[in-house]
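Undergrad: Got a structure for you, questions after.
The values are calculated or read from the model by the stated rules, or taken from the named source; none is laboratory data. What you are looking at is a predicted structure, and each value in this text was computed from that prediction instead of being measured. We place every Cβ from the backbone using ideal geometry, glycine too, and count neighbours over all the protein chains shown.
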Amino acid sequence: MSGNSFGTLYCVTSFGESHGPAIGGVIDGCPPGLELSAADIQADLDRRKPGTSRHVTQRQESDTVEILSGVFEGRTTGTSIGFIIRNEDARSKDYSDIAKLFRPGHADYTYWQKYGIRDYKGGGRSSARETAIRVVAGAVARKWLRERYGVEIRGYVAQIGPHKLALKSWDAVRQNSFFSPDPDAVPMLEAFMDQLRRDGDSVGARVNVIASGVPVGWGEPVYGRIDADIASAMMGINAVKGVEIGAGFAAIEQRGSEHGDAMTPEGFLSNNSGGVLGGISTGQDVAVSIALKPTSSIRVPRQSIDQSGQSVTIQTNGRHDPCVGLRATPICEAMLACVLIDHALRHRAQCGDVTTETPRIGQKRGW
């Protein structure tokens, strides 16, 4: 299967299936000299892993990362960083009933039609379990970005089903199982998710991710736009069906006098651009928002077909997230980090010695 790698200079390749012995990956292009240990990565994996609350899949995985290469005496060597995460709690029998059926909204049908064979156990390669590899790569990227440029990447769940969540506190995001920035909304979300699980149904979500401290100048015009690469990376996450940068679709209703971010010597007065103009970073916060569809594996009976094309009714049992968006925040942060380090390295290679007489401005605080 092709399509298992992404990135230009910071290149990530993943392998493995949901119910195989392990999943893993290779990071190629990480600069040498970065102090790195498994502990630097594990914190982000722990935020993504299953079984952390009653509101997500109850599959129990430690998601312990093992670094196999590319690190010597606690620092990256500049060679490929190989790593694996062993699967510990696969329960393949849960999927025996759907071995020859196609779940609506899932990749079952398209994988079968494309390859003529599919691993139906846990979705195989199409499982969101693969996203743990992206989190590993993102953890390495974000540490380098933070130490080299002071870039900070943070995300939160902005909406679960019909419930929109206001950004009241960044501290609250890490203190609840919903990644909610509104601590007052947590009891309501718990009741909503409990009812959803009783119904055997699922719901979608919106996740917002912001990178602060990104220097001006990253990105390439026309075919190497940083916003285009961000959009591609986000759309490559399982279940993502929409991506917005900055104002996104709200720009449709804005006038040019409102949408264009006015500039002063002290900084930009707004950030409708999401920190990108002409495919190049402006020095403002890079702001991204994604929409995730409802989980495809649900207990509600639905119409489908089997491998012979006959009509069937299907319902999926087993352990699944009623809202995949609940664990998506660290995945989105990771993909943004991977794109940013890739463009940082590309910029350094071509334009690292470019200077201009114009002062560099960022965002004007308070807007």
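Undergrad: For region 1-42, give me each residue that is modelled with pLDDT of 95 or more and aliphatic (A, V, I, L, M).
TA: 9, 12, 26, 27, 34, 36, 38, 39, 41
Undergrad: Which of the residues belonging to region 186-218 are small (Gly, Ala, Ser), in contact (Cβ under 8 Å) with a residue 40 or more places away in the chain and either out of contact with any Ser or Thr (no Cβ under 7 Å at 6 or more places or on another chain) or within 30 Å of residue 343 (Cβ to Cβ) (or both)?
TA: Result: 200, 204, 205, 211, 212, 213, 217.
Undergrad: Look at region 166-185 and say how many of its residues are free of Cβ contacts under 8 Å to residues at least 24 places away in the same chain, surrounded by 16 or more Cβ atoms within 10 Å (Cβ to Cβ) and within 16 Å of residue 206 (Cα to Cα).
TA: The number of residues fulfilling the criteria is 2.
Undergrad: Moving on. Would you confirm, using the coordinates I've provided, whether residue 125 is at pLDDT below 90, crowded, with 17+ Cβ neighbours inside 10 Å and either in contact with a His (Cβ under 6 Å, 6 or more places away or on another chain) or not in a loop (DSSP other than H, G, I, E, B) (or both)?
TA: yes
Undergrad: Of all residues in region 229-253, count the ones that are free of Cβ contacts under 8 Å to residues at least 24 places away in the same chain and outside any helix (DSSP H, G or I).
TA: Count: 1.
Undergrad: Consider region 128-150. How many of its residues are exposed (fewer than 15 other Cβ atoms within 10 Å of the Cβ) and of a type in the set (Gly, Ala, Ser)?
TA: Counting residues in region 128-150 that are exposed (fewer than 15 other Cβ atoms within 10 Å of the Cβ) and of a type in the set (Gly, Ala, Ser) gives 1.
Undergrad: With the requirement that a residue be over 20 Å from the mean Cα position of the chain (by Cα) and part of a loop (DSSP other than H, G, I, E, B), what does region 186-218 give you?
TA: Scanning region 186-218 gives 200, 201, 215, 216, 217, 218.
Undergrad: Scan region 257-307 residue by residue and report those that are hydrophobic (A, V, I, L, M, F, W, C), under 30 Å from residue 199 (Cα atoms) and under 21 Å from the mean Cα position of the chain (by Cα).
TA: Within region 257-307, 290, 291, 292 meet the criteria.
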